[in-house]
1. Kindly establish whether VAL235 is out of contact with any Pro (no Cβ under 9 Å at 6 or more places or on another chain) and modelled with pLDDT of 95 or more.
2. Can SER123 be described as at pLDDT 95 or above, of a type outside the set (Phe, Trp, Tyr), closer than 30 Å to LEU185 by Cα and out of contact with any Asp or Glu (no Cβ under 7 Å at 6 or more places or on another chain)?
3. Hey, does region 66-76 have a residue that's under 13 Å from ASP143 (Cβ atoms) and modelled with pLDDT of 95 or more?
4. Of the numbered conditions (1) among the basic types (Lys, Arg); (2) closer than 30 Å to SER68 by Cβ; (3) surrounded by 13 or more Cβ atoms within 10 Å (Cβ to Cβ), LYS96 fails exactly one; give the number of that condition.
5. I need the full set of residues from region 183-197 which are surrounded by 13 or more Cβ atoms within 10 Å (Cβ to Cβ) and either in contact with a Ser or Thr (Cβ under 6 Å, 6 or more places away or on another chain) or acidic (Asp, Glu) (or both), in order please.
6. Can you name the number of the only condition in (1) small (Gly, Ala, Ser); (2) within 21 Å of GLU225 (Cβ to Cβ); (3) not in a strand (DSSP E or B) that SER76 fails?
Amino acid sequence: MTSVCNFSRVSRIVVLVAGGWLAAAGAVILHAQVPAALSQSAVTVSASSTVTVQNDRLQAWLRTEAESANPAAAASQVNAAIAKALASAKAYPAVKVATAGYSTQQVSDKQKPTRWRVVQTLSLDSGDFTAAATLISRLQDEDGLLLSGMGFSLGDKTRRDAEDSVTQQAIKSWQARAQQATNGLGFAGWRPGHVTVQTGEGGRVYPMMRAQTMSSGGSAPVPIEAGTSDVTVTVSGEAILDSATGPTR
């Protein structure tokens, strides 16, 4: 008889413990469902604003090359040409000049003996188009360099100023689109969530130019047209919709 009573007490204890565990588990499940009930509706929108700006930087690349059966002789010829070009460039302080690529390549074909080709490049960068054009012509006409290519871009300050001028326009466009989306979806209002502002510059692509393109037969500058670049600011992000009233449709 005593054994039966003890068994009953143990059974009741197990039931109570099990019931408590289930109640606790139910509380956990209920707690886990709360965030889902508090989730908010949101819509992602984006808007851009673009301004066209006159390019104010010129970049150019000129090269000198030599071939010889002796690689040291070819290198010596190239080094002398580059030294002369750098000396000429000192007369144009408004133009930034730097040595760029340097390569030595063995050239072989059946009709000619093996020889070596050495090539070195000078890069030019300037906001003074007249000075740059004059120097480019001089380096070709007097120093024998070849123009490999030329392009135009925006200076850092010009680009930043352009981005600043259109950022507010892009933000206002984004706000207008967020309001349109709110109205279209039938919500009463909205507020900004996570929003990003991105800037980008799309410049004009310039083809590689032949050496004689900038040559004038003298040291006078050659007229050039810099063109323009488009600076774009894009705003994208979430507009959190007012879910208190829900869609009115």
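The values are calculated or read from the model by the stated rules, or taken from the named source; none is laboratory data. In this text, all values refer to a predicted model and were calculated from it rather than measured experimentally. Virtual Cβ from ideal backbone geometry, glycine too; neighbours counted across all protein chains shown.
1. Yes: the conditions hold for VAL235.
2. no
3. No.
4. Here LYS96 clears every test but (2).
5. Across region 183-197, the qualifying residues are ALA188, TRP190.
6. (2)
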